[in-house]
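Structure record follows, encoded as structure tokens.
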Amino acid sequence: MTTAVITTRTDQGPLIDGATGKWEVIIGLEVHAQVLSKAKLFSGASAEFGAEPNAHVSFVDAAMPGMLPVINRYCVEQAVRTGLGLKAKINHSSIFDRKNYFYPDLPAGYQISQYKSPIVGEGEVIVDLPGGRAITVGIERLHLEQDAGKSLHDQHPELSYVDLNRAGVALMEIVSRPDLRSSEEAAAYLKKLRAIVRYLGTCDGNMEEGSMRADVNVSVRKPGAPLGTRCEIKNVNSMRFVAHAVDYEARRQIDVIEGGGKIAQETRLYDSKKGETRSMRSKEEAHDYRYFPDPDLLPLELDVDWIASIQKTLPELPDDKKARFMREYGLNAYDAGVLVAERESAAFFEEVAKGRDGKLAANWVVNELFGRLNKEGLSISESPVSATANGAIVSMIGDGTISGKIAKDVFEIAWTEGGDPKEIVEKRGLRQVTDTGTIEKAVDAVIAANPGKAEQAKAKPALVGWFVGQVMQATGGKANPQAVNEMLKAKLGIVG
Amino acid sequence: MSDLTGLTIVEARDGLRKKSFSARELADAHIKAIEKGRALNAFVTETPDLARKMALESDRRIASGEARPLEGLPLGIKDLFCTKGVLTTAGSHILDGFKPPYESTVTRNLWDAGAVMLGKLNMDEFAMGSSNETSYYGPVTNPWRRKGANTKLVPGGSSGGSAASVAARMVLGATGTDTGGSIRQPAAVTGIAGIKPTYGRCSRWGIVAFASSLDQAGPMARTVRDCAIMLKTMASHDPLDSTSVDMRVPDYELAMTGEVRGLRVGIPKEYRLDGMPGEIETLWQKGIAWLRDAGAEIVDVSLPHTKYALPAYYIVAPAEASSNLARYDGVRFGLRVPGKDITSMYENTRAAGFGREVQRRILIGTYVLSAGYYDAYYIKAQKLRSLIARDFDEAFEKVDVLLTPTAPGPAFGIGEKTDDPISMYLNDVFTVTVNLAGLPGLSVPAGLNDEGLPLGLQLIGKAFDEGTLFRVGEVIEKAAGPTSRPQAWWEV
């Protein structure tokens, strides 16, 4: 609702082609993030998702006569924590206002929100983009407000039903500046914001259940021109849809302008089935919300020491964690970025890497573990192979007990059959052969069997690879490839 | 047994303790008085069965030595307080059939202290009015009549049913609410006492909201001391009302020493209005003389922003009301008038459910909050409100209490002012300032005018200094002479 209009970006974003030349798309997001809290913002009712309709409705939520809101201290704490996580200014005094409009799923006829004095002021989010580029997106504000209930229009031929379970649930509206310049940036920003609130434990970021949704403001301009008229696309509930809605809307606006038309400031709806945006209401039809301070609530005064005590409990956030991973484990930016995207993944990685080679652990987790999890559509917490087990595999690779190839086999067995990787290696005799005698025997046998190739290898050292393969095959893959390689080179008389 | 309905709360409390009569007898006497007084239309709902049941429990407790502070005292409740399982209408058609599944904090406090509920009292619709003529349940008639005349007079408002039932001896005391004078003005024109406590002293939880930043519950009774006793129980800190104040409730009776020597009483010159009836000026002078004679020091003070109070009030109160009354939409409770779609259902319901005065204030309130008008009206009114509060702060540096008339005139005839909202609004000219500043105000019965109609004097105190108001109020009450009683012309 409270749209930011001043951009802090000075660089030019990627441009799109139109019939009359290049266009720049300007995007700002208003993200509604449901506060992770057991109870609603102003009533003691449960904020749990998925209950029977109207199972979590107090007299306050139903706006019964004479009922009064009482602020939930924990929700305030969560908003402050989020603000601190966004490196934003925490306002020591903020005010709850009433936003007045009639709708059956808004029982009081007004939503309690924050209008002129939000709890959190300006902050910023650093967004990593592919290719190692990063942008800083300005946060204009964060405020607390109530969610509305839900109207059910498909339950009866003539009537609508109302479910008030969500009515009064605490939301944080996080308003970005119009600092995003492409659908890719918009989706990446949303992803980063989601990671931050999940790290903080202030929102579960579950977009399917509606815990996070975005209003997307889009306008287009010729590079260097003033900001164009924006349209607000309401309630987009996935990163993919955000990206798609931006692309669709930018193209639509360019087509309108290039066709000689003008963009009307309006609220639009994103239809994910048809993949298009449609007009909901124009500026003229916009509600007059008649905001005024809610006289049932005192100004929200925050104690400086209390804010400081919340600051002390903040977890390490993605940016800091990424920097530390690069520093402590020697990881590259990409691997570190992938690992910190989810707090659970980062924690998992650290358990795997504990006392081991960090790079090796990162390589293993990012490529083997994540690869397999993605394939199966599982989250890190659902991994059948524990961090301890993965760590054991990494240890065995590190000390040469098994080769990387065997490690994959061991992982596969642990994944499908379970079991301790060390035992798997021992019981199945997968231990890498490092015994020089055994390797030498195999090497000699292969050279003896292929005298012609051995001769050629002297002139063409690359052929050594073929010999390695033969020896590995002969040893059932258990020979240490490094040792085999060195011995072959020596025996074939290859220098270097 | 003498007339039990003629007792004050103090007398009834003593009589019950001494077992001179039972709570059941006391309740029955009042139930009978209510039946005989139906012509006054003071009640929307009578609850005699509930009253008898509560009285029996009181008798049991008195017998077993477990009597609570208000044990067995029968009271009436303004129909703005939600009472569990008992119809609560706020004087409005739109709350048809509404029986709250909860009890307001103030009434809960009363019942927990042993008080007995006689029923729900008529009032101006949503407490919007100064004559009890805006009620969907019809006007209440003042028990007082002009000497030698049969003209039906209004009991004031919005707590008109409360005032009339107390004055007519149908209840020992009643709850009222006061947003701009709705306790004090009806108390004054029916010859009883009533106090609007400091904002935040009584919980607003469970009271149908009119203007949240101004609404405050308070007692109405036949003596100042009876009000003090009731308020002691009604007031509390309530975690369910964020604006209720976490402060100990004093025993107000202890403050009532009868002593005002050395007390500085301020007389605000701005309360002397052009065209004010002579009898009001005379009354005021009498009050000043009584207090001076009792040893108080009279000090002239100025409250320069007083003239802005009424306009500021008629912006702030309707603004809040327009939002507070949005919940009456026909969706969840009360009246629903069907329509072809949701918007027409809203329109039909609210057009049928709200009376003209409520509609007028919703329109005013919606207007002053609208884009483009908010700064010019609402913000300006809030600034005036701060200035008015500052006037009082400055005055209270010089004086302990202020003395003013309560209302600009005595009770007027039913229908006399209904076509003229401005003249109706002027009834609150001396009382709204107190709500805007959040201060306590007590109306004390101060005798009858030449026509035999009661008039009241108002004492305004510092925040949370209700004790001083009761102390000074009782001195005025005594000086004014014994409480007169209206002729029971209404009894059938």
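The values are calculated or read from the model by the stated rules, or taken from the named source; none is laboratory data. As the structure is a computational prediction, the values presented were derived from the model and not from experiment. Cβ placement follows ideal geometry from the backbone for every residue including glycine, while neighbour counts extend to all protein chains displayed.
What helices (runs of 4 or more DSSP H) lie completely within region A:344-425 and have 1 or more residues being free of Cβ contacts under 8 Å to residues at least 12 places away in the same chain?
A:370-376, A:404-417
From the set of residues in region A:22-49 that are closer than 24 Å to A:Met64 by Cα and of a type in the set (Gly, Ala, Ser), which is surrounded by the most Cβ atoms within 10 Å (Cβ to Cβ)?
Here the residue is A:Ser43.
Select from region A:57-85 the residues that are aliphatic (A, V, I, L, M) and assigned to a helix (DSSP H, G or I) and write down the one among them that is farthest from the other protein chains (Cβ to nearest Cβ).
A:Leu84
If you check A:Ala51, A:Ala62, A:Ala19, A:Ala108, which single one turns out to be farther than 28 Å from A:Ser238 by Cα, in the same structural domain as A:Cys231 (by TED's automatic domain parsing) and modelled with pLDDT under 95?
A:Ala19
Does region B:86-96 include one or more residues that are within 30 Å of B:Pro482 (Cβ to Cβ) and not basic (Lys, Arg)?
Checked against the condition, which is being within 30 Å of B:Pro482 (Cβ to Cβ) and not basic (Lys, Arg), region B:86-96 yields no hits at all.
Taking the condition of being surrounded by fewer than 17 Cβ atoms within 10 Å (Cβ to Cβ) and either more than 14 Å from chain A (Cβ to nearest Cβ) or among the aliphatic types (A, V, I, L, M) (or both), how many residues in region B:356-386 meet it?
Of the residues in region B:356-386, 7 are surrounded by fewer than 17 Cβ atoms within 10 Å (Cβ to Cβ) and either more than 14 Å from chain A (Cβ to nearest Cβ) or among the aliphatic types (A, V, I, L, M) (or both).
Need the failing condition index for B:Ala351 against (1) under 30 Å from A:Gly149 (Cβ atoms); (2) assigned to a loop (DSSP other than H, G, I, E, B); (3) among the hydrophobic types (A, V, I, L, M, F, W, C), just the number.
(2)
Filter region B:387-413 for residues that are within 29 Å of B:Glu357 (Cβ to Cβ) and touching a strand residue (DSSP E or B) at 6+ places or on another chain (Cβ under 7 Å); which is surrounded by the most Cβ atoms within 10 Å (Cβ to Cβ)?
Filtering first and then ranking leaves B:Ala411.
Can you find, within region B:212-239, the residue that is surrounded by the most Cβ atoms within 10 Å (Cβ to Cβ) among those that are over 25 Å from B:Leu457 (Cα atoms), touching a Ser or Thr at 6+ places or on another chain (Cβ under 7 Å) and within 14 Å of chain A (Cβ to nearest Cβ)?
Across region B:212-239, the extreme among qualifying residues is B:Asp238.
Cβ-Cβ below 9 Å, separation at least six or inter-chain, first residue in region B:304-319 and free of Cβ contacts under 8 Å to residues at least 40 places away in the same chain and closer than 28 Å to A:Tyr110 by Cα, second hydrophobic (A, V, I, L, M, F, W, C) and not in a helix (DSSP H, G or I): which pairs?
Cβ pairs passing all conditions: none.
When you look at B:Val245, is it β-branched (Val, Ile, Thr), in a loop (DSSP other than H, G, I, E, B) and within 14 Å of chain A (Cβ to nearest Cβ), yes or no?
Answer is yes for this residue.
How many residues are touching a residue at least 60 places away in the same chain (Cβ under 8 Å) and not in a loop (DSSP other than H, G, I, E, B) if we restrict to region B:93-111?
9
Tell me yes or no: at least one residue of region B:320-337 is without any contact (Cβ under 8 Å) to a residue 24 or more places away in the chain, facing chain A (nearest Cβ under 10 Å), outside any helix (DSSP H, G or I) and over 24 Å from B:Gly97 (Cβ atoms).
No, because not a single residue in region B:320-337 is without any contact (Cβ under 8 Å) to a residue 24 or more places away in the chain, facing chain A (nearest Cβ under 10 Å), outside any helix (DSSP H, G or I) and over 24 Å from B:Gly97 (Cβ atoms).
I'd like to verify a number: residues in region A:117-147 that are modelled with pLDDT under 95 and not in a strand (DSSP E or B), how many?
Selection size over region A:117-147: 5.
Test B:Ser20 against the criterion of being modelled with pLDDT of 95 or more and outside any helix (DSSP H, G or I), and give yes or no.
Yes: the conditions hold for B:Ser20.
Check every one of the strands (runs of 3 or more DSSP E) wholly within region B:392-468 and list those with 3 or more residues that are closer than 17 Å to B:Gly278 by Cβ.
Strands (runs of 3 or more DSSP E) meeting the threshold: B:441-448, B:454-461.
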